[in-house]
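J.: Mind having a look at this structure? Questions to follow.
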Amino acid sequence: MGDAYRPFIRYDNPMRENYTLKRLFFKESLTAGESVSLPKDQIHYLATVLRMCEGDEVRVFNGRNGEWLGKLTKLSKRQAEIALRKQLRKPMAMPNVTLAFAPVKRHRTAFIFEKATELGVARFEPILTARTQFPKLNLDKARAQIIEAAEQTERLDIPDLFKPEKLLDWLGTQSGRHIIFADEAGEGTPAIEALSKAPAPATLLIGPEGGFTEEERDALRGHKDVIRVSLGPRILRADTAALSLLSLWQAVQGDWGVHL
Ligand code: SAH
């Protein structure tokens, strides 16, 4: 949806009509009157896990064409077909905020993917720093975690997931976005104050459990688009730091609608 993002846009009441219907992500395009055939894992999910039946209604979204009401016209162990009936919601602009973070332990990284998706992040950019202890990220698994979180959180888009990149290489390609660097070494501007001056598009940068090295910190401090922020006097774990900073950004610059 590009860089343009209007703050305080209208958003649909999440408790609107049809909202109790199961939501499925389906990556192909969605058009009125057409039928879509679901892949194997979703057939299993509908038929065996949810025990749905032909004739049941579901909601479908693909991250581009809004949300659609569909009816299961075929459902067996091998086949599932959904007839698209009408569009329930149109696509809408989302806050343009990226989370750049060093992968941590598997379950904590999964937590970051799930919770940041719920909090409305637009993009994940995994960063490899000198002290990153878990550089091997399973991108397929991560994508599945992100899709699952998006399905249940009523958002209409799926956050993008990029391949991990080395911090200094990544830094060299950044321009035009404010990089909000959570610096545990102190001396950063208090987060709320810094965020009020850093509108979208913005990137939130969180380090690994071992923190940033002096060399990395120097490179970050020397970059013209980097704004150093403090998240208070306690050292937070990377997942806590990421989700706290993202929540603050959403409140100050994003779609939580707080006017300071
Ligand atoms: N081992 C490091 C802490 C790393 S915490 C140390 O003791 O110095 C992991 C990441 O969370 C940090 O790199 C930083 O990006 C973020 N973080 C944690 N606490 C923070 C704070 N109080 N202010 C700003 N960033 C913080």
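J.: What are the residues in the range 118-152 that are open to solvent by less than 50 Å² (accessible area, probe 1.4 Å), assigned to a loop (DSSP other than H, G, I, E, B) and touching a Pro at 6+ places or on another chain (Cβ under 9 Å), if any? Spell out how you get there, then give the answer.
T.: So in the range 118-152, the residues open to solvent by less than 50 Å² (accessible area, probe 1.4 Å) come out as 119-129, 132, 137, 139, 142, 146-147, 149-151.
Add one more test, that the residue is assigned to a loop (DSSP other than H, G, I, E, B), and what stays is 119-122, 129, 132, 137.
If the condition is that a residue be open to solvent by less than 50 Å² (accessible area, probe 1.4 Å), assigned to a loop (DSSP other than H, G, I, E, B) and touching a Pro at 6+ places or on another chain (Cβ under 9 Å), then GLY120, VAL121, ALA122, THR129, THR132, LEU137 are the ones that fit.
J.: Right, something else. For the range 105-112, check the following and say yes or no: at least one residue is out of contact with any Phe, Trp or Tyr (no Cβ under 8 Å at 6 or more places or on another chain), under 24 Å from THR240 (Cβ atoms), among the basic types (Lys, Arg) and surrounded by 14 or more Cβ atoms within 10 Å (Cβ to Cβ). Lay out the reasoning, then the answer.
T.: Filtering the range 105-112 down to residues out of contact with any Phe, Trp or Tyr (no Cβ under 8 Å at 6 or more places or on another chain) leaves 107-108, 110-111.
Okay, now just the ones that are also under 24 Å from THR240 (Cβ atoms), so 107-108, 110-111.
Going one step further and asking which of them are among the basic types (Lys, Arg), we end up with 108.
The next check asks that each one be surrounded by 14 or more Cβ atoms within 10 Å (Cβ to Cβ); those that pass are 108.
Yes: one or more hits.
J.: In the range 53-71, which residues are open to solvent by less than 50 Å² (accessible area, probe 1.4 Å) and in contact with a strand residue (DSSP E or B) (Cβ under 6 Å, 6 or more places away or on another chain)? If you could, list the steps in order and put the result at the bottom.
T.: Of all residues in the range 53-71, those open to solvent by less than 50 Å² (accessible area, probe 1.4 Å) come to 55, 58-63, 65-70.
Correct list: VAL58, ARG59, VAL60, PHE61, GLY66, GLU67, TRP68, LEU69, GLY70.
J.: Name every residue in the range 222-253 that is open to solvent by less than 20 Å² (accessible area, probe 1.4 Å) and either assigned to a strand (DSSP E or B) or near the ligand (Cβ under 9 Å from one of its atoms) (or both), in order of residue number.
T.: VAL229, ALA238, ASP239, ALA241, ALA242, LEU245, listed by residue number.
J.: Taking the range 184-207 as the search range and keeping residues that are at pLDDT below 95 and near the ligand (Cβ under 9 Å from one of its atoms), which one is surrounded by the fewest Cβ atoms within 10 Å (Cβ to Cβ)?
T.: Ranking the qualifying residues of the range 184-207, first place goes to GLY186.
J.: Any idea which of LYS115, LYS86 is open to solvent by 10 Å² or more (accessible area, probe 1.4 Å) and part of a helix (DSSP H, G or I)?
T.: Values: LYS86 fails: part of a helix (DSSP H, G or I).
Result: LYS115 is the single residue among LYS115, LYS86 that is open to solvent by 10 Å² or more (accessible area, probe 1.4 Å) and part of a helix (DSSP H, G or I).
J.: Here is a further query. Taking LEU156 as the residue in question, decide whether it is touching a helix residue (DSSP H, G or I) at 6+ places or on another chain (Cβ under 9 Å), more than 28 Å from LEU69 (Cβ to Cβ), open to solvent by less than 70 Å² (accessible area, probe 1.4 Å) and away from the ligand (no atom under 16 Å from the Cβ). If you could, list the steps in order and put the result at the bottom.
T.: Details: touching a helix residue (DSSP H, G or I) at 6+ places or on another chain (Cβ under 9 Å): yes; more than 28 Å from LEU69 (Cβ to Cβ): no; open to solvent by less than 70 Å² (accessible area, probe 1.4 Å): yes; away from the ligand (no atom under 16 Å from the Cβ): yes.
No: the conditions fail for LEU156.
J.: Please specify each residue of the range 163-183 satisfying the condition of being polar (S, T, N, Q) and surrounded by fewer than 17 Cβ atoms within 10 Å (Cβ to Cβ). Step through it out loud before you land on a result.
T.: Residues of the range 163-183 polar (S, T, N, Q): 173-175.
Matches in the range 163-183: THR173, SER175.
J.: Mind telling me which of the residues GLY257, GLY186, GLY210 ends up being part of a loop (DSSP other than H, G, I, E, B) and either touching a helix residue (DSSP H, G or I) at 6+ places or on another chain (Cβ under 9 Å) or under 24 Å from THR117 (Cα atoms) (or both)? Let's see the steps before the verdict.
T.: Values: GLY186 fails: either touching a helix residue (DSSP H, G or I) at 6+ places or on another chain (Cβ under 9 Å) or under 24 Å from THR117 (Cα atoms) (or both); GLY210 fails: either touching a helix residue (DSSP H, G or I) at 6+ places or on another chain (Cβ under 9 Å) or under 24 Å from THR117 (Cα atoms) (or both).
Exactly one of GLY257, GLY186, GLY210 is part of a loop (DSSP other than H, G, I, E, B) and either touching a helix residue (DSSP H, G or I) at 6+ places or on another chain (Cβ under 9 Å) or under 24 Å from THR117 (Cα atoms) (or both), namely GLY257.
J.: Same structure again: Go through (1) more than 21 Å from the chain's Cα centre (by Cα); (2) at pLDDT below 95 and name the single condition VAL229 misses.
T.: Every condition holds for VAL229 apart from (2).
J.: Across the range 34-44, what is the total count of residues that are out of contact with any strand residue (DSSP E or B) (no Cβ under 8 Å at 6 or more places or on another chain) and not in a loop (DSSP other than H, G, I, E, B)? Walk me through it before giving the result.
T.: Let us first name the residues in the range 34-44 that are out of contact with any strand residue (DSSP E or B) (no Cβ under 8 Å at 6 or more places or on another chain), namely 39-41, 44.
Among the residues that remain, those that are also not in a loop (DSSP other than H, G, I, E, B) are: 40-41, 44.
Qualifying residue count, the range 34-44: 3.
J.: Can you list residue pairs whose Cβ atoms sit under 6 Å apart, with the first residue in the range 169-192 being touching a residue at least 12 places away in the same chain (Cβ under 8 Å) and the second being assigned to a loop (DSSP other than H, G, I, E, B) and within 13 Å of the ligand (Cβ to nearest atom)? Count only pairs 6 or more apart in sequence or on different chains.
T.: Correct list of pairs: ALA182/LEU231; GLU184/GLY211; GLU184/ILE235; ALA191/LEU231.
The values are calculated or read from the model by the stated rules, or taken from the named source; none is laboratory data. It should be emphasised that the depicted structure is a prediction, and the values quoted were computed from it without experimental measurement. Glycine gets a Cβ as well: all are built from the backbone with ideal geometry, and neighbour counts include every protein chain shown. We work out accessible area using only protein heavy atoms, side chains counted, and drop any ligands, DNA or RNA first. Shrake-Rupley method; radii C 1.70, N 1.55, O 1.52, S 1.80 Å.
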